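The structure appears right after this line, and notes come after that.
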Amino acid sequence: MAVSSAHRGAGVGRRILTAVIEYARGLGARELYLETSHKLPDAIHLYESVGFTRIPAERVEPSPYARSDIHMEMVL
């Protein structure tokens, strides 16, 4: 997920993220997973603020995304 720099700070990312979470709940999903980078502290803060938690390294599967070094999940 990305929000253009012109719209950052206006709550757009939070609204998109909460809509995705509610949509997943409506579909009956039990868990959400995401990958991000330590170079995106604002995104990490957003994810944690809505309930995502970091997955311990020993539980992380190899990722096809070279820049992903933080893995998070949310139990719904």
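The values are calculated or read from the model by the stated rules, or taken from the named source; none is laboratory data. Given the structure is predicted, the values throughout are model-derived calculations rather than measurements. Here the Cβ positions follow ideal geometry from the backbone for every residue, glycine too, while neighbour counts run over all protein chains shown. Accessible surface is based on the protein model in full, side chains and every heavy atom, while ligands, DNA and RNA are left aside. Shrake-Rupley method; radii C 1.70, N 1.55, O 1.52, S 1.80 Å.
Helix-derived [θ] at 222 nm for the chain: sum -39500 (n - 2.57) over DSSP H runs of at least 4, divide by residue count, nearest 500?
-10500 deg cm²/dmol
Work out, step by step, the length gained on full extension between residue 58 and residue 33: first 0.36 nm times the residue separation, then minus their alpha carbon distance; give nm to one decimal.
On the way: separation 25, 0.36 × 25 = 9.00 nm, distance 1.56 nm.
Contour length minus the Cα-Cα distance gives 7.4 nm.
Calculate, for the chain, the solvent-accessible area per residue in square angstrom, rolling a 1.4 angstrom probe over the heavy atoms of the protein chains.
Accessible area per residue: 74 Å².
Let me spell out the model: positive unit charges on the Cβ of Lys and Arg, negative unit charges on the Cβ of Asp and Glu, origin at the Cα centre of the chain. What dipole size does that give, in debye rounded to 20? Could you put the intermediate results ahead of the total?
Numbers: 9 positive and 9 negative charges, 54 e Å.
Around 260 debye, computed over the chain.
Tally Lys/Arg at +1 and Asp/Glu at -1 over every other residue whose Cβ is under 15 Å from the Cβ of residue 60; what's the total?
-3
What are the ³J(HN,Hα) couplings of the range 53-68, residue after residue, when phi is run through the Karplus curve with 6.51, -1.76, 1.60 and θ = phi - 60°? Round to Hz, x for glycine and proline.
Taking θ as phi minus 60°, the curve returns 10, 6, 8, x, 3, 5, 9, 7, 7, x, 10, x, 9, 4, 7, 6 Hz for the range 53-68.
Which label marks the calculated value of semi-axes √(5λ) of the Cα gyration tensor in Å, given the options (1) 20, 18, 10; (2) 16, 14, 12; (3) 45, 18, 13?
(1)
Which trypsin sites (Lys or Arg not before Pro) does the range 14-51 hold that lie in a coil by DSSP with at most 13 other beta carbons within 10 Å?
Answer by residue number: 30, 39.
Summing Lys, Arg as +1 and Asp, Glu as -1, what charge do residues with Cβ under 14 Å from the Cβ of residue 22 carry, residue 22 excluded?
Value of the local net charge: +3.
Suppose a student asked you for the relative contact order of the chain, using Cα pairs under 8 Å spaced at least 6 residues apart; what percent would you report?
37
Work through the residues other than residue 45 whose Cβ is under 14 Å from its Cβ and net out their charges, Lys, Arg +1 and Asp, Glu -1.
So the environment of residue 45 carries a net charge of +2.
Determine the share of the chain's accessible area contributed by carbon and sulfur atoms, expressed in whole percent, with a 1.4 angstrom probe.
Ligands and nucleic acids excluded, carbon and sulfur reach 55 percent.
Specify which residue in the list 70, 2, 41 is farthest towards the positive end of the charge dipole of the chain, using unit charges on the beta carbon of Lys, Arg (+1) and Asp, Glu (-1), about the Cα centre.
Selected residue: 2.
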